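Here the structure comes first, spelled out in structure tokens, and everything after it is commentary.
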């Protein structure tokens, strides 16, 4: 009979052990799944953080590069502007020289042409006079011979003195004027035959520099436009996020404090890009003041309200809070617990706490106990499951041995 009782007891213990083992295996699978889920969420957060960090670095480098390019373009534009001024001065000087030479040459050509016409007219007149002189001399000779034969007297005595032939004074004067004009042309010295080519080269150089200057000005405008677009987009996104988070902060502040007002303010609204952010709060029964003047508990609640406001704007997969409820009394801890329960649908909260009220709101508790001197054990409890088996002994990797002091 005693043996039968022992067998029954051992059978029951074996069944209980098998049930406990099944429960432990189920708990292990559940914890492994939770661990895998947390690791996956952690990897996703790290990936998102790396992507955001890379994007911020890229935007910062792009802004720095654009600013550097803008400085280089300004310097090049200044250098080209100086070259253009020099080219314009050279073009103006050569153009003035060409204009003066052309005017002098045109005036001399007009004078020379007029003198040539006068000389040609004088030469033609001289030839006509010489021809007329020969003709008159022949007639005079014939008359003289006839007079001598018929009148026995020379023609001079009969008709008086011979008419004088016109002299060459007029021709000499024209010839002298021609020589004077020619001397004036010679006095100008050698004319630069390359003046027109130099002018054309200077004009081409000026056009080239002016084109480059215009390209640089266009590049500067494009760069400034890109910088302005980046600044506008940055301000727009910041303003949108700031206003949304500020509205969430006001709501969370009233929830955690049970009233009162809290808000964020820009220290320099005219310059959002360089402005700072200050937090002012007015708990129930107190006037509006800077957050630095609040008590420790009020500061903690204000910080939690801001954190929840940020999470409501852009939820995070999980959040770790290290004894944030330490300076809070029980009513505030209860309000914080209710808020965390509401936010837990989007964010998983891991809270390090010693407050029982905070533990009551948790779905699972994880603790470290020292049942034996020098040996720490991990204890986990899932709340809301009364039939859950007792906590299993920790796996080997979860055991930490305390070193003596």
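The values are calculated or read from the model by the stated rules, or taken from the named source; none is laboratory data. Nothing here was measured: the structure is a model prediction, and the numbers come from that model. Every residue, glycine as well, gets a Cβ built from its backbone with ideal geometry; the counts of neighbours run over all protein chains shown.
Out of 66, 24, which single residue is touching a helix residue (DSSP H, G or I) at 6+ places or on another chain (Cβ under 6 Å) and modelled with pLDDT of 80 or more?
Working: 24 fails: touching a helix residue (DSSP H, G or I) at 6+ places or on another chain (Cβ under 6 Å).
From the options 66, 24, the qualifying one is 66.
For region 269-291, which positions are in contact with a strand residue (DSSP E or B) (Cβ under 9 Å, 6 or more places away or on another chain) and more than 15 Å from residue 257 (Cβ to Cβ)? Walk me through how you get there before you give the answer.
Taking region 269-291 as the starting set, the residues that turn out to be in contact with a strand residue (DSSP E or B) (Cβ under 9 Å, 6 or more places away or on another chain) are 272, 275-283, 288-291.
272, 275, 276, 277, 278, 290, listed by residue number.
Looking at residue 44, is it closer than 22 Å to residue 318 by Cα and in contact (Cβ under 8 Å) with a residue 40 or more places away in the chain?
Values: closer than 22 Å to residue 318 by Cα: yes; in contact (Cβ under 8 Å) with a residue 40 or more places away in the chain: yes.
Yes; evaluated as a whole, the condition is true for this residue.
Which ones in region 348-379 are surrounded by fewer than 14 Cβ atoms within 10 Å (Cβ to Cβ) and part of a loop (DSSP other than H, G, I, E, B)?
Residues satisfying the conditions are 354, 363, 373, 374.
Testing residue 155 on (1) touching a helix residue (DSSP H, G or I) at 6+ places or on another chain (Cβ under 6 Å); (2) at pLDDT 70 or above, one condition comes back false. Which one is that?
Here residue 155 clears every test but (2).
Pick out the one residue from 19, 51, 5, 77 that is loosely packed, with under 10 Cβ neighbours inside 10 Å, at pLDDT 75 or above and assigned to a helix (DSSP H, G or I).
Numbers: 19 fails: loosely packed, with under 10 Cβ neighbours inside 10 Å; 51 fails: loosely packed, with under 10 Cβ neighbours inside 10 Å; 77 fails: loosely packed, with under 10 Cβ neighbours inside 10 Å.
Just one listed residue meets the conditions, 5.
Would you check which residues across region 248-278 are assigned to a strand (DSSP E or B) and within 20 Å of residue 336 (Cα to Cα) and list them?
First pass over region 248-278, keeping only residues assigned to a strand (DSSP E or B): 261-266, 277-278.
Passing the criteria: 261, 262, 263.
I'm told residue 34 meets every condition in (1) modelled with pLDDT under 75; (2) surrounded by 12 or more Cβ atoms within 10 Å (Cβ to Cβ); (3) within 17 Å of residue 315 (Cβ to Cβ) except one. Can you identify the failing condition by its number?
(3)
So that you can scan it fast, the table gives a plain yes or no per residue for (1) surrounded by 13 or more Cβ atoms within 10 Å (Cβ to Cβ); (2) over 30 Å from residue 350 (Cα atoms); (3) more than 30 Å from the chain's Cα centre (by Cα); (4) without any contact (Cβ under 8 Å) to a residue 24 or more places away in the chain:
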residue	(1), (2), (3), (4)
60	no, yes, no, yes
68	no, yes, no, yes
84	yes, yes, no, no
90	yes, yes, yes, no
94	yes, yes, yes, no
104	yes, yes, yes, no
129	yes, yes, yes, no
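Only one residue in 276, 285 is surrounded by fewer than 11 Cβ atoms within 10 Å (Cβ to Cβ), at pLDDT below 90 and more than 43 Å from the chain's Cα centre (by Cα), so which one is that?
Details: 276 fails: more than 43 Å from the chain's Cα centre (by Cα).
The match here is 285.
Against the condition at pLDDT 70 or above, exposed (fewer than 11 other Cβ atoms within 10 Å of the Cβ) and within 27 Å of residue 107 (Cα to Cα), how does residue 228 come out, does it pass? Reasoning before the result, please.
Values: at pLDDT 70 or above: yes; exposed (fewer than 11 other Cβ atoms within 10 Å of the Cβ): yes; within 27 Å of residue 107 (Cα to Cα): no.
In short, no.
Return yes or no: is residue 340 in contact with a strand residue (DSSP E or B) (Cβ under 6 Å, 6 or more places away or on another chain), at pLDDT 90 or above, in a helix (DSSP H, G or I) and on the phi < 0 side of the Ramachandran plot?
Details: in contact with a strand residue (DSSP E or B) (Cβ under 6 Å, 6 or more places away or on another chain): yes; at pLDDT 90 or above: yes; in a helix (DSSP H, G or I): yes; on the phi < 0 side of the Ramachandran plot: yes.
In short, yes.
Among the residues of region 232-243, is there at least one that is in a helix (DSSP H, G or I) and buried (at least 16 other Cβ atoms within 10 Å of the Cβ)?
Yes, region 232-243 has at least one match.
Mind listing whichever residues of region 244-268 are crowded, with 16+ Cβ neighbours inside 10 Å and closer than 15 Å to residue 304 by Cβ?
If the condition is that a residue be crowded, with 16+ Cβ neighbours inside 10 Å and closer than 15 Å to residue 304 by Cβ, then 245, 248, 249, 250, 252, 253, 255, 256, 257, 260, 262, 264 are the ones that fit.
Take residue 311 and decide whether it is touching a strand residue (DSSP E or B) at 6+ places or on another chain (Cβ under 8 Å), touching a residue at least 24 places away in the same chain (Cβ under 8 Å) and in a helix (DSSP H, G or I). Outline the logic, then answer.
Numbers: touching a strand residue (DSSP E or B) at 6+ places or on another chain (Cβ under 8 Å): yes; touching a residue at least 24 places away in the same chain (Cβ under 8 Å): yes; in a helix (DSSP H, G or I): yes.
Answer is yes for this residue.
Whether any residue in region 298-305 is crowded, with 17+ Cβ neighbours inside 10 Å, assigned to a loop (DSSP other than H, G, I, E, B) and touching a helix residue (DSSP H, G or I) at 6+ places or on another chain (Cβ under 9 Å) is what I want to check. Break it down stepwise before answering.
Taking region 298-305 and keeping what is crowded, with 17+ Cβ neighbours inside 10 Å, we get 298, 300-302, 304-305.
Keeping just the survivors that are assigned to a loop (DSSP other than H, G, I, E, B) gives none.
No, there is no match, as no residue in region 298-305 is crowded, with 17+ Cβ neighbours inside 10 Å, assigned to a loop (DSSP other than H, G, I, E, B) and touching a helix residue (DSSP H, G or I) at 6+ places or on another chain (Cβ under 9 Å).
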